[in-house]
1. Can you give me the C-alpha center-to-center distance between region B:220-273 and region A:205-227, rounded to a whole angstrom?
2. Pick out, in residue order, every one of the GluC sites (Glu not before Pro) in region C:36-97 that is DSSP loop and has at most 14 other C-beta atoms within 10 Å; say none if there are none.
3. Got the relative contact order for chain C handy, in percent, Cα pairs under 8 Å and 6 or more residues apart?
4. Output the antiparallel fraction of DSSP beta bridges having both residues in the protein assembly as shown, as a percent to the nearest 5.
5. Tell me, in nm to one decimal, what length is gained between A:Asp186 and A:Glu295 on full extension, where the rule is 0.36 nm per residue of separation less the Cα-Cα distance?
6. Give the average, rounded to an integer, of partner chain Cβ atoms located within 10 angstrom of each Cβ in A:147-155.
7. When you look at the Cβ of every residue in C:219-227, what mean number of other chain Cβ atoms sits within 10 Å?
8. Determine the shielding of peptide B:280-291 by partner chains: average, over its residues, the number of Cβ atoms on other chains within 10 angstrom of each Cβ.
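Throughout, read-outs are computed from the coordinates displayed, never taken from laboratory work. For clarity, every value in this text was computed on a predicted model and none was experimentally measured. Every residue, glycine among them, receives a Cβ derived from its backbone with ideal geometry; neighbour counts consider all protein chains shown.
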Amino acid sequence: MMENVLEVKGLQVTYHTSGGTLKAVNDVSFTLNKEERLGLVGESGSGKTTLATALMRSVREPGKIDDGEILLDGKDLLQLSDEEMRHARSTEISMIPQGAMNSLNPVMRIQDQMIDTLRDHGVSKSKSEFRKWAEDLLVRVGLPSEVASMYPHELSGGMKQRVAIATGISLQPKVIIADEPTSALDVVVQREVMETLRQAQQDLGAAVVLIGHDMGLMAQFADRIGVMYAGKLVEIASVWDIFEKPQHPYTQLLIASLPSLEEKEVFKGIPGRTPSLLNPPTGCGFHPRCPQAIEQCSQLVPVLQELENRQMVSCHLYDKTPGYDDPTSSSGNEDMNVNGSSNAALQN
Amino acid sequence: MTVDYVIRRIGIFLLVVWAAASINFFIPKLAPGQDPILGALLEATQDGGLAGDAMLDIADQYRAKYGLDQPLYIQYVRYLGDLAVLDLGVSFVSFSSVRDIILARLPWTIGLLGTATLMGFIFGSFLGAFIGWPYSPRFLQKFIVPSFMFSAVPPYLMGLVLVWLLAVTFDVLPFGGGYQRGVIPGWDFEFIMSILKHAALPAMALVVTDLGVRALVMRGTILSLFGEDYIRHAENRGLKSWRIFTWYGVRNALLPQLTWVALSLGSVAGGAIVVEAVFAYPGLGTALLAAIQGFDFPVVFGIVFLIILSIAVMTLLLDLIYPLIDPRIAYGKKS
Amino acid sequence: MTVTVIQQRSVVARKRLVNWMKYLAAHRMLLAGLLVILGLALIGPIGSFFVDVETSRPLSEWPGESPTLEYPLGTDTQGRNLFAVLVAGLPLTLRVAFLAGSLGLIIGTVLGFTAGYVGGVVDTVIRTASDVLITIPTLMVLVVVAVSIKGLLSVEMMAIAIALLAWMGPARVIRAQVLTLREKGYVAVSRASGMNDIEIMYKELLPNMLPFLAASFVNAVIIAVLSSVGLQALGLGPTDAPTMGMTIHWALEFGAVLAGMWWWWIPPLTVIVVLFMGLYLIATGLDEIANPRIGNSS
């Protein structure tokens, strides 16, 4: 296989609230190849944004990264010192935030905010050099150079998002995480912004994790798609496989619910509700809503396993390994390239 | 900043000035019994003695000027006219022009109030910002309780405690007056030191209480600011901690902080007046207290009017400056 | 049948009480503040069992005594028993504060509500009046009023005067809330379902504004205490009332601080500070409820 630029192993992010503990990201593992575009989809509360925050190591109280490894080019981000991680942000891995509406400091000019990123990562230039650099970068993402001296409220949503992209690529990171970059924009602007992102990514040769819930967007942009549900990664496969032959029941329902342009159909949703993460279901998190649930589903936690073609599913229907029901037992099956960790706790 | 906004602000300013003038005019007249001013004048004339003739003259002038035998609205108009040229009348006690009395006291008050408020604002804001920022060291956050207590106390009460501790019990600083009796006023070291020593206690009283309020407000602002998206984004970009604190945190918190200051000008002034009175500090406060006790109405009303006027002016200035500092309002929407 | 209904009702009432208690326990600042105020309020009634309130008048006891068992807080140079002064005067101080606060809240709520609900010219007039009055320092106006009345000022009159200058805070808050609720569609929906204006006001809007009303009330009380004590410190309060502010005034007038008569001015000062702290605790506690933040006092 191609080199992995990002390898996530057994990531566990828990929120310790006064109401209880909440596993927002529960034993998630995946790899990302160089220049690959991975789309991460899931309902609200599935843990995708928490995952993004965790990759940047910016999880805030009362959340905490409890376990796992995040290997960026072999280096575990979770082992870095605070200062090293601070430096890694923007230079190795960067995040384009959700809703750049409020992500820009309202009382600073655009160029000053962009320049701040450079300054704090050791780049030193003269004032005019900085300004020129900012203007050039803005032009590269398709904005007029005048934007540099403007304030955020003077820009439209799409323009602000492009500024965010510009800042995100300014120090040439290897991995770019885009957290729902187009959610608040209208369709036409969405397309322009996605194009900008694609172009920027290709120029840089960076890998992208695109988080969202718009399957249409994913279809156009992503190479691979990962599906998250209740804090777990339930399926991950190439974009073709996800759409053409989804394996996990949740993915199947998801794909089936997409309205078709060809036929007129009744709207199909997914019955039931997202589970409360404070009181999660036993065994597989999806089993209460799953039309194909079998006996083990309420008892054993399924493990992510590979089917053909790098398609991975976490579901008892395809069990080659039986999953686990005991925190101490290990369920590893070495010839299967299983990426699941065996010390994540069982829900019971 | 739109023309509308400016017009409205100036309009309010004028209304405030007019309201202040009218309060000083109508409330005494609404008092049960005789017009208190006339009453005081007549009483004074009846006292006779050395002041007798002068009082009669003043009473005559007063009657002529304000036409006490003329209909109310004419009196009112004349009164407003006098105020417009800042003619505040003559003191019943010292016969000097009220304006002169005020001007003599004004520098003291401005010096004390100005420095105290400025220090309270600067120190209080930074203290509050440090306490409120979630990444500050824990021991700083212990400062909350003391800050809390200081803001709960009106400055003149704090002043009493300070006097007791520092002037009476430990005799570190002097109490009362603007400078040491016996020191000849002049711009020399001894005099200036004397002034500073005497101003120290009242200033401390004002600073300590003001600081507490500013710190608490700033802490609240910074704490809620911390959750803003642009702070998270700044962290995600890997910006240095101090930069985020100063330029993305405090800088943004100063704007609402200024609004709070503008709103609290009234109570700050009120507190300072009483502090001065308690400390017999030669500013407007003491003059007001003496005038109240001596029923020297022109001085009372003159000082009250001036204070209200000053606050109105400061509020107007702050209202006009604020939009200039906040680019969201200054620049408006272009695209 | 009726027995079960009664039983059910008392169960519901008990549950509500328990909920309130749990609520208070979880918000310690609010609870602490309320306890402080309660404690202060009890000093008057309980203290009157231990001392004759009439001795709070001048010329009642031997003047200038420092605290002894007979006179727990000593006497002042006018011959007042200072413990009696505390017992008689603290309730007066509290009364002014809460009377002014309540009146201010009522006036402010009515005006703020009208401004927000009716809108138009009425709104502009009320808003302008509020802006103008907020700029004018309350103490200054009180000085003018008190000087004009020349010592005929009573506790109630002071409270009314303060209330007339303290309504702006509640008015602003209530008006803003009414506008917000209006925008959120509460009013439109209620109207559509056939409620008339008064019904809308009582059933829909007021319940949503309770936290704001509470916070405005506490703030109005704080302003009232500040203004009334300040006025009294200048000597302009009700001269024959043994309120805390007047006591401090007399103490200053007769040089108690310099003469070392600490028992004269420290008790009223302490009581006032404690009052402020209690009020601020309540205010901050309410604020915590309105804006829950990470890491609050509970």
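1. 38
2. Listed in order of number, the matching sites are C:Glu70.
3. RCO, chain C: 26 percent.
4. Counting only bridges with both partners in the protein assembly as shown, antiparallel ones make up about 65 percent.
5. 34.8 nm
6. Mean shielding by partner chains, rounded to a whole number: 4.
7. 1
8. Mean partner shielding for this stretch: 1.
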